[in-house]
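Below: one structure, written as structure tokens.
Just so it is clear, none of the values below were taken in a lab; they were calculated from the coordinates. These numbers were taken from a predicted model, which means no experiment stands behind them. So basically every Cβ, Gly included, is an ideal-geometry build from the backbone, and we count neighbours across all protein chains shown.
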Amino acid sequence: MKERPLIYLDNAATSWPKPPGVMEAMEKTMRESAANPGRGSHEMAVKASRVLFEGRKMLARLFKIANPNDIAFMLNTTHALNQAIQGLLSPGDHIVTTAMEHNSVRRPIEALKRKLGIQVTYVPVGTDGILNPDDIRQAITPSTKLVALTHSSNLLGTITPIGDIGALTRAAGVPLLVDAAQSAGVLEIDVEAMNIDLLAFPGHKGLMGPQGTGGLVHQAGARARAAHARRHRKPFRIARAAFYEAGQV
Ligand SMILES: Cc1ncc(COP(=O)(O)O)c(C=O)c1O
């Protein structure tokens, strides 16, 4: 029987085929530096740490964050979103999210609603599929501890005005968690300029990496360091500590 050519249309779930450069880099890493990074001081462990840190630096450039260590690697976007949502909310807290979220946002929120009694506001989107920042502003209450929303809807393909929403969540002092499952590597993301506090992203979709990769950019550490530096007027010591964390000294 004649084999039919494969037409792959499931790139929103995971991208395929991966570029040859990705496969070559993975093979080279497996051959040359597949030791446990950060756990040993033998040559290959140091090489593995370097590979990891190079990856951090590239992601920090892509998402325009100052410190590559403000990225925690995760298994995928779902893992990153769960870490952020379950890590930030306590009994009685309120979360603002939208009616167009993926199950990886909606399910942990619903689970916390049952387990911890958190309060949830699902902000509706317009008939054009676009979220109105004013509706987010109006949904925020004094007990709101998180605003969580998708950058680009997997259902509609519409793009959320993250910059406008980031300005208002920052002014309200509420952390903003952005689900970049469909936008990382596709749309411009400037974490600092858009006032994003937490960015959950996949490595295996728009960034063309292998399955089982993703991460969480967390800017709370960056803001705490900046506030500390301002308070103590010791920028050199802070810079040196950041360098130390990054394995540069
Ligand atoms: C909008 C959105 N959020 C989250 C996810 C989950 O992504 P991952 O497969 O990296 O866990 C997806 C997956 O398709 C998605 O489309």
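Observations, loosely collected:
- Estimated at 0.36 nm per residue, the fully extended path between Asp164 and Lys57 surpasses their Cα-Cα distance by 35.8 nm.
- Gaussian network model of the chain, springs between alpha carbon atoms under 10 Å - residue of Asn69, Asn11, Asn36 with greatest fluctuation: Asn36
- Given charges at beta-carbon only (K, R positive; D, E negative), |dipole| of the range 1-53 in Debye: 40 debye
- Prolate/oblate/rounded label for the range 1-52 (Cα gyration tensor, a/c 1.5): prolate
- Between Thr150, Ile162, Asn195, the Cα set farthest toward the positive side of the dipole of the chain (charges on each charged residue's Cβ, about the Cα centre) is that of Asn195.
- Simple label model, 7 Å out from Cα along Cβ direction - Asp190 to Leu75, nm: 3.6 nm
- Candidates Glu27, Glu192, Glu101: whichever shows maximal mean-square fluctuation once the chain is modelled as a Gaussian network with Cα springs under 10 Å: Glu27
- Using distinct alpha-carbon pairs, which all enter the 1/r mean, Kirkwood radius of the range 115-174 in Å: 12.5 Å
- Estimated inter-spin distance, Glu27 and Arg107, nm [label 7 Å along Cα→Cβ]: 3.5 nm
- Modelled FRET efficiency - R0 51 Å, Arg39 with Asn132, Cβ distances, 0.05 increments: 0.60
- Tensor-based shape of the chain (alpha-carbon gyration tensor, a/c under 1.5 rounded, otherwise prolate or oblate): oblate
- Nearby lysines by direct alpha-carbon distance to Lys64 (threshold 21 angstrom, same-chain neighbours under 8 apart not counted): Lys205
- Going by neighbour counts of Cβ atoms within 10 Å, the residues Leu199, Leu112, Leu146 line up, fewest first, as Leu112, Leu146, Leu199.
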